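Below is one structure, written out as structure tokens, with a few remarks after it.
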Number of protein chains: 2
Amino acid sequence: MTPPTEEPYGDMTPEDFRIHAHRLVDWITDYLTHSDRYPVLSRVSPGQIRNALPASAPEAPEPFEKIFDDFERILLPGITHWNHPGFMAYFAITGSAPGVLGELLCAALNVQAMLWRTSPSATELEVTVLSWLRQLLGLPSVFEGVIYDTASISSLHALAAARERAVPEVRTKGLSAHSDQPELRIYCSEQAHSSIDKAVILLGLGHRALRRIPVDSSFRMEPNQLASAIIEDRAAKHQPFAVVATVGTTSTTSVDPVTAIADICTTERLWLHVDAAYAGVAAIVPKLRGALDGCERADSIVVNPHKWLFTPFDLSALYCRHMSVLRSAFSLTPEYLQSNEEEGAVNLMDTGVQLGRRFRALKLWMVLRSFGAKSLRTHLQRHVDLAHQFATWVDSHTDFERMAPVPFSVVCFRANPSCNKLESAALDTLNEKLLEAINSSGEVFLSHTRLHGQFVLRLAIGHIRTNEDHVKRAWLLLQEHAAPLFACQSSDHSTTESGSLSG
Amino acid sequence: MTPPTEEPYGDMTPEDFRIHAHRLVDWITDYLTHSDRYPVLSRVSPGQIRNALPASAPEAPEPFEKIFDDFERILLPGITHWNHPGFMAYFAITGSAPGVLGELLCAALNVQAMLWRTSPSATELEVTVLSWLRQLLGLPSVFEGVIYDTASISSLHALAAARERAVPEVRTKGLSAHSDQPELRIYCSEQAHSSIDKAVILLGLGHRALRRIPVDSSFRMEPNQLASAIIEDRAAKHQPFAVVATVGTTSTTSVDPVTAIADICTTERLWLHVDAAYAGVAAIVPKLRGALDGCERADSIVVNPHKWLFTPFDLSALYCRHMSVLRSAFSLTPEYLQSNEEEGAVNLMDTGVQLGRRFRALKLWMVLRSFGAKSLRTHLQRHVDLAHQFATWVDSHTDFERMAPVPFSVVCFRANPSCNKLESAALDTLNEKLLEAINSSGEVFLSHTRLHGQFVLRLAIGHIRTNEDHVKRAWLLLQEHAAPLFACQSSDHSTTESGSLSG
């Protein structure tokens, strides 16, 4: 064997790496403990970061101390802190400690999980941890799993497989070549995620192939409306081929009636894809097991451990009942990637458009083992409890109102002063101002959506360090910043101490 | 501000994290220095890793010591060491020390670069480092850049933009709805990467829409053949819309004549996409600047810093001259992602199908600054010199032959005993056995391809610690393992000491 060389790798010697990495670990330990010392939403202006950076790359190597100093001085103020317990916008996520260790090791190994032989452990650990997760979710073993980067890509692959099954020879002939090919139709609810639109556009189906089915008062797809739409489309000589149901929509986390939708899909022979990117993991909690009811009948289902399972971004898991369809859509092995392995060697590159694949399973393995299933369940249940607690405060306050049910850890609500009945547009403006005000506080970051055309605030709990104090604080800030916006003359609407509501 | 809580985040306390991370840093320092202590190609059998792992996730938390012990005991033997100086298969890559530090920090921050406000630094650093890289490559400023995960996804987006420009209303109406829409045609060489096939299939064009143009004796696309194919397709009422030229094909790293192809694309009004995923970065080296000749006229071009620019996987850069076309193909902002920023705030999610985006720019920034442009150039030139040195040894040996030119750092060659003229099939078998034998050594890992139907070995240099010793050692191993396969009676074909060839 070649003796180890004394050359530095790169222009940072191993000993340099050791020193800088140890310092970085200390900084990160502090950051993970006290990230709430920073304003959660960055306060910089557009162009501010860019203007502070040199226009060109340096010619000479720069010491890491200087690079890290620039990170702290220039970049850190421009970071919106997703790993902050006051982050309650969009879907809150967590880069947990074991997950960060997994990413560090993954970067150092820098392996590709494209072929079995390019790192057997990467392929086999992926199969193993996806089996672990499937069992925790209560999904049957007929589902085979594969890891992609994002739910956008998972759903894209699921719908590509659905297209493969629906259109004969689409792989070879494409869509335009079939003069007798009816226009395809696919269905999702009005509340489904924009990634479904993007997938449909990318697949060449055209955006109008996606029909958005109306929802009930709880923002769940109306199965009757779905059935009618299919009848209508068949009458118009279109070809329905797939339905996307959502478990945990992005606005309100509503859950489509998957069982009723599955019945329709069975009758109509449509591919059922379930987007459970956010809420799917809730099914590991006994009380929330019902979240995936009916999903055992789906053709494919996506859940994102990088959303609500404490795994650093990115890691999206697609489970598919017909992985062979997905493979027949994409499998394509040029000579330079041929390998004659013994039986049993799966090449995961055959399951997707991306040839290069990170060793993402490593961090999920570390997260699942380091937490253990029991504490993962405890954390998810705790987040749901916190959301319900917040919802109770909203419900019992005369100047706030809840705008949607709370099946998981997201609360949709708005301020609506009882002293001063406002028109819809004025209410929107008030809530926009309120959102801006509390986000400017730096202590919490909430986002918004629109429901029935109305501007609605969203409080999303998903960070592992978010506890009752943070939620109380958010509630206090909301009341404090809302009062001056109410334009009420009485003093009845002063801030209520949130603590008194929690007892 | 909420006082820092004393609760552990996850079930690993901050102090636990500190301890485990420091130990991991020491392990990684050792690994980056001495990864060549491990056999580069894993020796496990299919199923071996999986069978050594528990069938289900643990219920209770497990100590990190135990998890890491299992990593070393179970997973490490199943790792093929991409971060090993003897890795000379496919395209050799490097997770360099500053890149690993960048990934560590990225995982801890866990930010999303989807909207400007979700971390202004992530968006603005991405714009900045892509401008730095563009300048180093000598591309004009008309090219706007965006980071994706892989070249597969970069090329997919480029071709989606080309389709957007070619087919009116494809976004809305799709491909099948146009009864008057001719079949689309796209061109690449016989040597282009399989990611182009997958993109064409995914986009709904059908695999037959991709015409593979013959190559010359140096594996470069024949522009005359391209021109003829276009004429032929127009005569058949098809609609040519794009050409993919490759700078550094995967088999031989050949370079298509981009200038001649650009001339054709200009005349024929076709989108020119350049796949320079591997070799594009060579353009930062003065002697190799010609690599991107003609690419300044491309509509889009992909280069992968995670291939030959010492950046841990994944980071692919797409440069596009018409990013507005890409945006009009994909931009789609649901209410929950609306943000009213000041002018100048770019939302990178509008440039792609993936909503979630890692803060990938951070590691590239650290790599570019830590190395500095000058030493990056030195390393690339050094790799090319090593490849040329190896090619010289092959050329001067009577029992080996070179099978393709060496424009960059990859050598295609095979054993062909002078004592024993073998049929083509027998030569293939001999070289397959030779490849298996030297890969079994554990010291180096080479891969293969087929050129003109013949089995050819590939030696790819791209790891930062690969030096002359490793290349000499590969050459010695090749000779040692070839001799017994030659079935020659004379003793002329004993191993030549490689050292004597290098002088």
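Any read-out appearing in this document is the output of simple, stated calculations on the displayed coordinates, not a laboratory observation. Everything numeric here is computed off the predicted structure, so don't read it as measured data. As a convention, Cβ positions derive from the backbone with ideal geometry for all residues, glycine included, and neighbour counts pool all protein chains shown.
Quick notes
- Using only side-chain charges placed at the Cβ, +1 for Lys and Arg and -1 for Asp and Glu, the dipole size of the range B:123-180 relative to its Cα centre rounds to 160 debye.
- A:S141 label point (Cα plus 7 Å toward Cβ) to equivalent points in the other copies: 6.2 nm, shortest first.
- Sorted by Cβ density within 10 Å, fewest first, the residues B:S375, B:S189, A:S339, A:S154: A:S339, B:S375, B:S189, A:S154
- Proximal lysines to A:K433, defined as alpha-carbon separation beneath 22 angstrom and excluding residues fewer than eight positions away on the same chain: A:K421, A:K472
- Bridges between two residues of the range B:112-359, per DSSP, are antiparallel at a rate of about 40%.
- In nm, spacing of pseudo-spin labels at B:R269 and A:E190 (7 Å Cα→C-beta vector): 4.2 nm
- Plainly put, the tip 7 Å out from Cα toward Cβ on A:T259 is 7.1 nm from that tip on each other copy, the closest given first.
- By the count of other C-beta atoms within 10 Å, a proxy for reagent exposure, A:W132, B:W116 are ordered fewest to most as A:W132, B:W116.
- Kirkwood hydrodynamic radius over Cα pairs of the range A:242-372, then Stokes diffusion coefficient at 37 °C and 0.692 mPa s, in µm²/s: 198 µm²/s
- Exceeding the 20 Å Cα-Cα cut-off - candidates A:K237/B:K173; A:K198/B:K307; A:K198/B:K173; A:K66/B:K363: A:K198/B:K307
- Looking at the range B:216-351 alone, DSSP beta bridges between its own residues are antiparallel in about 40 percent of cases.
- Closest approach of any chain A Cβ to the axis that rotates A onto B belongs to A:G204, 1, distance given in whole Å.
- Restricting the range A:287-351 to GluC sites (Glu not before Pro) that sit in a DSSP loop and have at most 16 other Cβ atoms within 10 Å of their own Cβ leaves A:E341, A:E342, A:E343.
- Spherically averaged projected area of the range A:103-368 from its Cα convex hull (nm²): 14.4 nm²
- Note on A:82-89: average number of Cβ atoms from other chains within 10 Å of each residue's Cβ is 3.
- Placing a pseudo-label 7 Å from each Cα along the Cα-to-Cβ vector at B:D385 and A:K374 gives an inter-label distance of 6.1 nm.
- Three principal axis lengths of the protein assembly as shown [C-alpha, angstrom, descending]: 105, 65, 53
- Dividing the radius of gyration of the alpha carbons in chain B by their Kirkwood radius gives 1.00 for Rg/Rh.
- In this rough spin-label picture, where each label sits 7 Å from Cα along the Cβ direction, the A:T13-B:D180 distance is 7.3 nm.
- Taking a span of 20 Å or more along the helix axis (Cα atoms) and a mean Kyte-Doolittle hydropathy of at least -0.5 as the rule, the DSSP H helices of chain A that qualify are A:120-137, A:151-166, A:361-395, A:424-440, A:468-486.
- Kirkwood analysis of the range B:125-209, using all unique Cα-Cα pairs, places the hydrodynamic radius at 14.8 Å.
- Cα centroid separation, the range B:200-266 to the range A:311-327 (Å): 33 Å
- Packing-based exposure ordering (other Cβ within 10 Å, fewest first) of B:M88, B:M114, B:M349: B:M114, B:M349, B:M88
- Unit charges on C-beta of K, R, D, E only; dipole of the protein assembly as shown, Debye: 1460 debye
- Calculated FRET value between B:D69 and B:L485, using beta carbons and R₀ = 41 Å, to 0.05: 0.50
- Based on Cα contacts under 8 Å between residues 6+ apart, chain A shows a relative contact order of 20 percent.
- Helix-derived mean residue ellipticity, 222 nm - over the protein assembly as shown, DSSP H n ≥ 4, -39500 (n - 2.57), to 500: -13000 deg cm²/dmol
- Shielding by partners for peptide B:27-39, expressed as the average number of C-beta atoms from other protein chains within 10 Å of each residue's C-beta, is 5.
- Simple Cβ-charge dipole of the range A:1-130, Lys/Arg +1 and Asp/Glu -1, about Cα centre, in debye nearest 20: 580 debye
- An oblate overall shape is assigned to the range B:1-100, the ratio a/c of its alpha-carbon gyration tensor axes (a ≥ b ≥ c) being 1.5 or greater and a/b not exceeding b/c.
- Here chain A carries DSSP beta bridges of which approximately 55% are antiparallel, counting only pairs with both residues inside.
- Ranking B:A52, B:S42, B:I28 by Cα position along the charge dipole of the range B:16-79, where only Lys, Arg, Asp and Glu carry charges on their C-beta atoms, puts B:S42 farthest toward the positive end.
- Signed unit charges on C-beta, dipole axis of the protein assembly as shown, positive-most listed residue A:V471, A:I201, A:Q112: A:I201
- Rel. contact order, % - alpha carbon contacts under 8 angstrom, at least six apart, the range B:112-359: 27 percent
- Alpha-carbon centroids, the range B:70-140 and the range A:339-374: separation in whole Å: 19 Å
- Computed from the C-beta positions of A:H34 and A:A55, the FRET efficiency with R₀ = 30 Å rounds to 0.30.
- Here is how far apart the A:P214 label points are across copies: 6.3 nm, shortest first, using a point 7 Å from Cα toward Cβ.
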